[in-house]
Amino acid sequence: QVQLVESGGGLVQPGGSLRLSCAASGFTFSRYHMAWYRQAPGKERELVATISRASDIINYADSVKGRFTISRDNAKNTVYLQMNSLKPEDTAVYYCNAVVLTTGSGRLYDWGQGTQVTVSS
């Protein structure tokens, strides 16, 4: 049974940082590209970043380029999202998933519970 467990969210002031983690199980993590998504209140879920199996191809949404860093540890079956210089518009529930393409197309599994990130003073 596939499980995606996101953690690390919280309340942070504008300009602050958070590091999200996503622990994956139930599939061969190292064989799949991974992605982070987010969904803000009243908005559709959007792709934030993707990372290839070997971490050699990484893509970011324009809105987070230069501020967020995606990484993975295949030995720990975990993907991370380091978020710096956070803005109020980054407030959302953040999710991870395995994807078919490094462009983010082809989400493979059901969503986990996500982790809430709130950026507010």
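Just so it is clear, none of the values below were taken in a lab; they were calculated from the coordinates. Just so we're clear, the structure is a prediction, and the values are computed from it rather than from any experiment.
Between rounded, prolate and oblate, where does the chain land on the alpha carbon gyration tensor, with a ≥ b ≥ c its root eigenvalues, rounded for a/c under 1.5, else prolate if a/b exceeds b/c?
Values: a/c = 1.69, a/b = 1.55, b/c = 1.09.
The shape class here is prolate.
Could you go through the range 15-27 in sequence order and give the Karplus-derived ³J(HN,Hα) for each residue, using 6.51 cos²θ - 1.76 cosθ + 1.60 with θ = phi - 60°, rounded to whole Hz, and x for Gly and Pro?
Per residue, the Karplus-derived 3J(HN,Hα) values read x, x, 9, 9, 10, 8, 10, 9, 8, 10, 8, x, 8 Hz.
Given the C-alpha centroids of the range 45-61 and the range 63-87, what is the distance between them in whole angstrom?
9 Å
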